[in-house]
Amino acid sequence: MTWVKKHLIAFAALAVLVYMLVPNVIVAAFSFNDPKGKYNYNFNEFSTEAWTNPCGAQGICESLGLSLQVGVIASLAATVLGTMIAFALGRYRFRGRSATNLLIFMPMATPEVVMGSSLLTLFLMLGVPSGRTAILIAHIMFCVSFVVVAVKARVATLDPKLEEAAADLGANPRQTFLRVTLPLAAPGIAAGGLLAFSLSFDDYIITNFNASPSSITFPMYVWGASARGVPVQVYVIGTVMFLLALVVVMVGQLISSRRNRQVV
Amino acid sequence: MMAGQEKGDLSLVALTKSFATFTAVHPLDLTIPQGSFFALLGPSGCGKTTTLRMIAGLEEPSGGRIHIGDTDITETRAYQRNVNTVFQSYALFPHMSVMDNVMFGLRRRGDKNAKAKAGEILELVQLGQVADKKPTQLSGGMQQRVALARALVNRPDVLLLDEPLGALDLKLRRQMQMELKRIQQEVGLTFIHVTHDQEEAMTMADSIAVMNAGRIEQLGDPATLYEQPRSTFVANFLGQSNLVRAQVNPGGTDRIVTVRVHDTDLEVSREHLPYGVDDVWLGVRPEKLRLGEAGGPNQLRGIVRDVSFSGVATQYAVEMPWGQELIVVQQNDGSARAVLGETVSVSWAAHHGFALDASQDAAAGAELVEDHG
């Protein structure tokens, strides 16, 4: 009994971990199911059918492709814009700086339903047709805020003296940025970019308002399919996404732990 | 350009820096000879770092010019100047190895021998074995030497040191002072060292400019500044001084003048007396005062009010009849020690005294001395 008491914290931690990971385990397990009927709710029989034929469900790979495309473009654009905004806010004092700081938070604070519907109104007014372009514009818009927050936190910890030292050693402003500022801000920029990608890839509500029948993203596909019965392929893609995220996080951990080991 | 100027001398001509609410540096004229070890000494906020940053190109002057030799560099940007800085915080690039830090400047100019030169300079500062480490893996003293190497390797016309030893502990600081002096003599570059530590400035520099409130109070070699301060600020900021109010008696010889201190006539060298002033502060350094009678005319009697023994020396506070306490430092050389409450004579040689215009505040600079003991 005392052994249990001693390791209570470990048990609690394990329980929380299980709580967090059970959904992913279920997704992974059911990706190997051969469901009886159209609903993939009961484990019927082990099968690798969905894994060997991930595009087997109609329209699934088109929607996945669109989501990846939108995610990559939106996160890249948002990362570039957000990084510039973060540097401006973190480095310079200018009129309207605090107002900008506040406004940057607005998209994060606004309910997505409101944002989605107002964007639709805006696009209709401006004559922007619903579909891929409208979705991209919307995604870049709400991703920028998150990138700004991630990069600004990093910029705040950068010692401006390092840039002075670079200039002092003969680096022109461009070289200073490329060789000193950018490498040091990179972890924040990478974090912002990844966050933007996952937000864009994941978004359903705002996307749904601005999509056209020919621009069905992956979340929209899954939502649409859930009424008719989610195909097993969705579970396969879910599992792959989870594994990919795991790999990215592990690589990140590895890099930072190697860095830290050098430091100690 | 002034006549007779050496090729690489740094000269500041009426250099000024004003901020919105105050003037950090009043028009400053200064020539620093090539190859010298020069110190800008003063309390924090005196304008010494601002001056340094203007020379580096990191701060834009409000007025005045900066020349190196015949070249006017006032309008050039920091990265265009052949001037390098050792920052107080070192400002080493954390994402680069020690080697890459040191090569940074050379690479910016496309030096083909960057690696060899950097290796050489790392040997000079005795860091050859840590070239592949990251700066954060090194101790403070080692980081300091990397910062020095990173600046030195570019062979700048002027090397600027901004309180470079401030973050080190006392023992390491002493060691680095010797090291810096050795390196400066070895490479023969002009070093400008900004510090608030008077001992550090005196140990290392060939000449010192004492700055106060954006102006140079006095410029000279360390011994002259110490022995013949020209203001109460310098007298107090560089070491301790006993300052006694005195009136100059008329007459005197070419060499000696007498001054009157509370009914006693005391002698002081004429060359240590400001011209045309009757009311003066007579100053004597504590270690120049002797307990007991020395036979000369400069003698005051008082009561010992405090004795503190520090091993190499004993410091006394001797109260004068008019209430002022004089500080006397007696070397532990075997001479008789006084005890608390004893009435003693305090004496000194005429040429050890100096006189300053009495219109100045006697305490100027004293409260600014930071104790680095």
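The values are calculated or read from the model by the stated rules, or taken from the named source; none is laboratory data. Fair warning: this is a prediction, and the values are worked out from it, not measured in the lab. Don't worry about glycine lacking a Cβ; one is built from the backbone with ideal geometry, like all the others, and counts go over all protein chains shown.
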Mind listing just one residue for me: the one in the range B:54-95 that is free of Cβ contacts under 8 Å to residues at least 24 places away in the same chain and in a helix (DSSP H, G or I) and, of those, nearest to the chain's Cα centre (by Cα)? B:ALA78
Would you be able to say whether some residue in the range A:84-93 is farther than 17 Å from A:VAL144 by Cα and either in a helix (DSSP H, G or I) or at pLDDT 95 or above (or both)? yes
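Against the definition (free of Cβ contacts under 8 Å to residues at least 24 places away in the same chain, in the same structural domain as A:GLY193 (by TED's automatic domain parsing) and more than 28 Å from A:PRO183 (Cα to Cα)), how does A:THR100 come out, yes or no? Walk me through how you get there before you give the answer.
On the way: free of Cβ contacts under 8 Å to residues at least 24 places away in the same chain: yes; in the same structural domain as A:GLY193 (by TED's automatic domain parsing): yes; more than 28 Å from A:PRO183 (Cα to Cα): no.
Considered against the rule, which asks whether it is free of Cβ contacts under 8 Å to residues at least 24 places away in the same chain, in the same structural domain as A:GLY193 (by TED's automatic domain parsing) and more than 28 Å from A:PRO183 (Cα to Cα), A:THR100 comes out as no.
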Of all residues making up the range A:109-136, the number that are in contact (Cβ under 8 Å) with a residue 40 or more places away in the chain and on the phi < 0 side of the Ramachandran plot: 14
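Rundown of residues vs (1) buried (at least 21 other Cβ atoms within 10 Å of the Cβ); (2) closer than 17 Å to A:LEU119 by Cβ; (3) not assigned by TED's automatic domain parsing to the domain that holds A:LEU184, yes/no style:
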position: A:ILE206; (1), (2), (3): yes, yes, no
position: A:ASN210; (1), (2), (3): yes, yes, no
position: A:THR217; (1), (2), (3): yes, yes, no
position: A:SER226; (1), (2), (3): no, no, no
position: A:VAL236; (1), (2), (3): yes, no, yes
position: A:PHE242; (1), (2), (3): no, no, yes
position: A:LEU246; (1), (2), (3): no, no, yes
position: A:VAL249; (1), (2), (3): no, no, yes
position: A:GLN253; (1), (2), (3): no, no, yes
Could you say whether any residue in the range B:343-355 is surrounded by 14 or more Cβ atoms within 10 Å (Cβ to Cβ), under 23 Å from the mean Cα position of the chain (by Cα) and under 30 Å from B:GLY166 (Cα atoms)? no
From (1) out of contact with any Ser or Thr (no Cβ under 9 Å at 6 or more places or on another chain); (2) closer than 28 Å to B:PRO250 by Cα; (3) part of a loop (DSSP other than H, G, I, E, B); (4) in the same structural domain as B:THR264 (by TED's automatic domain parsing), pick out the condition that doesn't hold for B:VAL280. (3)
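Within the range B:102-111, which residues are part of a helix (DSSP H, G or I) and either at the interface with chain A (Cβ under 8 Å from one of its Cβ atoms) or within 25 Å of A:THR157 (Cβ to Cβ) (or both)?
Of the residues in the range B:102-111, the ones part of a helix (DSSP H, G or I) are B:102-108.
Within the range B:102-111, B:VAL102, B:PHE104, B:GLY105, B:ARG108 meet the criteria.
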Verdict on B:GLN144 being within 20 Å of B:ASN101 (Cβ to Cβ), modelled with pLDDT under 95 and crowded, with 22+ Cβ neighbours inside 10 Å: yes
Residues of the range B:60-85 satisfying the condition of being farther than 15 Å from A:GLY170 by Cβ and either facing chain A (nearest Cβ under 10 Å) or polar (S, T, N, Q) (or both): B:SER62, B:THR71, B:THR74
Which helices (runs of 4 or more DSSP H) sit wholly inside the range A:1-82 and have at least 2 residues that are within 21 Å of the chain's Cα centre (by Cα)? A:8-30
Given (1) surrounded by fewer than 13 Cβ atoms within 10 Å (Cβ to Cβ); (2) under 19 Å from A:PHE146 (Cα atoms), where does A:ILE73 come up short, assuming only one miss? (1)
Of the candidates A:PHE94, A:PHE142, the one satisfying the condition of being out of contact with any strand residue (DSSP E or B) (no Cβ under 6 Å at 6 or more places or on another chain), surrounded by 16 or more Cβ atoms within 10 Å (Cβ to Cβ), more than 14 Å from chain B (Cβ to nearest Cβ) and more than 30 Å from B:TYR90 (Cβ to Cβ) is A:PHE142
Could you tell me how many of the residues in the range A:98-122 are surrounded by 12 or more Cβ atoms within 10 Å (Cβ to Cβ) and outside any helix (DSSP H, G or I)? 1
Might you let me know whether the range B:10-20 holds any residue that is without any contact (Cβ under 8 Å) to a residue 40 or more places away in the chain and not small (Gly, Ala, Ser)? yes
Taking the stated definitions as given, is A:LEU182 within 14 Å of chain B (Cβ to nearest Cβ) and over 25 Å from the mean Cα position of the chain (by Cα)? no
Could you tell me how many of the residues in the range B:250-284 are within 24 Å of B:VAL318 (Cβ to Cβ) and not charged (D, E, K, R)? 14
Among the residues of the range B:87-101, are any more than 9 Å from every other protein chain (Cβ to nearest Cβ), charged (D, E, K, R) and surrounded by fewer than 18 Cβ atoms within 10 Å (Cβ to Cβ)? no
Could you tell me which residue of the range A:159-179 is surrounded by the fewest Cβ atoms within 10 Å (Cβ to Cβ), considering only residues that are within 22 Å of B:GLU59 (Cα to Cα) and more than 10 Å from every other protein chain (Cβ to nearest Cβ)? A:ARG174
State yes or no: is B:GLN184 away from chain A (no Cβ under 14 Å) and either in contact (Cβ under 8 Å) with a residue 40 or more places away in the chain or aromatic (Phe, Trp, Tyr) (or both)? yes
Just checking, how many residues over the range A:20-55 are within 20 Å of A:ALA227 (Cβ to Cβ) and surrounded by 14 or more Cβ atoms within 10 Å (Cβ to Cβ)? 6
For the condition in contact with a Lys or Arg (Cβ under 9 Å, 6 or more places away or on another chain), aliphatic (A, V, I, L, M) and closer than 20 Å to B:LEU41 by Cα, what is the one hit in B:ALA91, B:ALA56? B:ALA56
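State all residues of the range A:196-231 that are under 27 Å from A:VAL251 (Cα atoms) and in a helix (DSSP H, G or I); if no residue qualifies, say none.
The answer is A:ALA196, A:PHE197, A:SER198, A:LEU199, A:SER200, A:PHE201, A:ASP202, A:PHE218, A:PRO219.
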Restricting to the range B:221-263, give me the number of residues that are in contact with a Lys or Arg (Cβ under 9 Å, 6 or more places away or on another chain) and not hydrophobic (A, V, I, L, M, F, W, C). 13
What are the residues in the range B:161-197 that are surrounded by fewer than 18 Cβ atoms within 10 Å (Cβ to Cβ) and assigned to a loop (DSSP other than H, G, I, E, B), if any? B:GLY166, B:ALA167, B:ASP169, B:GLY188
B:LYS115 passes all but one of (1) within 25 Å of A:THR181 (Cβ to Cβ); (2) within 14 Å of chain A (Cβ to nearest Cβ); which number fails? (2)
